[in-house]
1. Considering the stretch 233-246 alone, what residues qualify as being in a helix (DSSP H, G or I) and in contact (Cβ under 8 Å) with a residue 60 or more places away in the chain?
2. Residues in the stretch 213-256 that are among the β-branched types (Val, Ile, Thr) and under 13 Å from the mean Cα position of the chain (by Cα): how many?
3. Being touching a residue at least 40 places away in the same chain (Cβ under 8 Å) and in contact with a helix residue (DSSP H, G or I) (Cβ under 7 Å, 6 or more places away or on another chain) is the filter; apply it to the stretch 126-140 and report the residue that is surrounded by the fewest Cβ atoms within 10 Å (Cβ to Cβ).
4. Gln183 versus (1) open to solvent by 10 Å² or more (accessible area, probe 1.4 Å); (2) among the polar types (S, T, N, Q); (3) within 27 Å of Leu76 (Cβ to Cβ): which is the lone unmet condition?
5. Among the residues of the stretch 28-51, are any among the acidic types (Asp, Glu), open to solvent by less than 40 Å² (accessible area, probe 1.4 Å) and farther than 24 Å from Thr107 by Cα?
6. For the stretch 109-125: of the residues being without any contact (Cβ under 8 Å) to a residue 24 or more places away in the chain and not in a loop (DSSP other than H, G, I, E, B), which is nearest to the chain's Cα centre (by Cα)?
7. Name the residue that is surrounded by the fewest Cβ atoms within 10 Å (Cβ to Cβ), counting only residues in the stretch 196-230 that are aliphatic (A, V, I, L, M) and in a loop (DSSP other than H, G, I, E, B).
8. If a residue counts only when it is closer than 19 Å to Ser252 by Cβ, which helices (runs of 4 or more DSSP H) contained entirely in the stretch 131-195 have at least 1 such residues?
Amino acid sequence: MTEFLAGLGTLLSGAIRIAIPICFGALACTICERGGIVNIGVEGMMLAGSFGGVLGSYLTGSAWVGLLFAILAGVLFAAIHAVLTIKYKTGHIISGLGINLLASGLTTVLLVSLWDNRGKSDAVASLGTINIPVLKDIPVLGDILSGHSPLFYILIVIGVVMWIVLYKTVFGLRVRVVGENPQTADSVGINVTAIQYICVLACGAIAGLGGAYLSIGDIGLFSRDMVAGRGYIAMAVTIFGGWNPIGAFGGSLLFGVAQSIQFRLQEVAPVQIIQMLPYILTILVLILVKNRPKGPAAAGKSFDREAG
């Protein structure tokens, strides 16, 4: 029994570590799409955050300053997406793909410029982990909730605050109305453009934190394209979670458990098949959620006040 509990604690702890960046991405997509802007560019924003975190830590020697750089990098790329989609009415998917390509190319160029290496940066200071007194000594629960990066606890706070804002405040109601019917929102005096800009920039900040977890929150360096598709997985998790912050937590943890199990099955089954498990699960999830609540009706549609 003791061995089982220890194994369960290790499995769930690993699942949480895998789920953290995906959940950041899912929360970023949630707030963005609730405001009516589809953001396939969350992958690029996370990548920018990963690089920004390492750059800030490298320049100052402080991982916490690096975290600020990560947020600013995510917001910068989000601002580009916001201007293209809101002001210039560019197709949301096209803009998002452009953000991803820009982030990939720009970070590679900067890698070569700063560290003369196309693959990875030098090692920098990382955020480390937090062991919670008393809790860390409790079997299973200590493994699950203690010993994580500070970003894990920041993630929980962001998710709870986002849920409260979206469902318990006037501002959250306005965001949801804008995502469903911006013409109606405009007719009752809501500044649709301002709401959408706020949502996209908040998305970039959250995505930047998710990217920072992969670099300064974990290994203490940046590697080329290190987000490795987590932004796209986060979009699937957003759909599975019903565009709800609580659903984002659940969907991310489900994927994290699948990935954690995958690591443990590689010793007893063909690696190529086992590595497909999390992605097969993602596809199955998207198939199974066809009857779940639909996303914001106006997501992906550019708002034109004159046309309305």
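1. Start the filter on the stretch 233-246 by keeping residues that are in a helix (DSSP H, G or I), which leaves 233-240, 245-246.
Within the stretch 233-246, Ile233, Ala234, Met235, Val237, Thr238, Pro245, Ile246 meet the criteria.
2. Taking the stretch 213-256 first, the residues among the β-branched types (Val, Ile, Thr) are 216, 219, 227, 233, 237-239, 246.
If we keep only those that are under 13 Å from the mean Cα position of the chain (by Cα) as well, we get 227, 233, 237-238.
Within the stretch 213-256, residues that are among the β-branched types (Val, Ile, Thr) and under 13 Å from the mean Cα position of the chain (by Cα) number 4.
3. Step one: of the stretch 126-140, the residues touching a residue at least 40 places away in the same chain (Cβ under 8 Å) are 126-128, 139-140.
Then drop every residue that is not in contact with a helix residue (DSSP H, G or I) (Cβ under 7 Å, 6 or more places away or on another chain), which leaves 126-127, 139-140.
Working: Ser126: 20, Leu127: 23, Pro139: 11, Val140: 16.
So, considering only residues that are touching a residue at least 40 places away in the same chain (Cβ under 8 Å) and in contact with a helix residue (DSSP H, G or I) (Cβ under 7 Å, 6 or more places away or on another chain), the one surrounded by the fewest Cβ atoms within 10 Å (Cβ to Cβ) is Pro139.
4. (3)
5. Residues of the stretch 28-51 among the acidic types (Asp, Glu): 33, 43.
Checking the rest, the ones that are also open to solvent by less than 40 Å² (accessible area, probe 1.4 Å) come to 33, 43.
Pick out the ones that are also farther than 24 Å from Thr107 by Cα and you get 33.
Within the stretch 28-51, one or more residues are among the acidic types (Asp, Glu), open to solvent by less than 40 Å² (accessible area, probe 1.4 Å) and farther than 24 Å from Thr107 by Cα.
6. In the first step, residues of the stretch 109-125 are kept if they are without any contact (Cβ under 8 Å) to a residue 24 or more places away in the chain; the result is 109, 112-113, 115-117.
Within this subset, residues satisfying the condition of being not in a loop (DSSP other than H, G, I, E, B) are 109, 112-113, 115.
On the way: Val109: 24, Val112: 26, Ser113: 27, Trp115: 27 Å.
Only one residue fits best here, namely Val109.
7. So in the stretch 196-230, the residues aliphatic (A, V, I, L, M) come out as 198, 200-202, 205-207, 209, 212, 214, 216, 219, 221, 226-228.
Retained after the next criterion (residues that are in a loop (DSSP other than H, G, I, E, B)): 221, 226-228.
Values: Leu221: 19, Met226: 21, Val227: 30, Ala228: 15.
Ranking the candidates gives Ala228 first.
8. Details: elements: 141-145, 150-168, 170-180, 182-187.
Result: 141-145, 150-168.
The values are calculated or read from the model by the stated rules, or taken from the named source; none is laboratory data. Model, not experiment: these values are computed from the prediction. When we count neighbours, we look across all protein chains shown, and the Cβ atoms used for this are built from the backbone with ideal geometry, even at glycine. Protein only, heavy atoms only, side chains kept; ligands, DNA and RNA dropped before computing areas. Shrake-Rupley method; radii C 1.70, N 1.55, O 1.52, S 1.80 Å.
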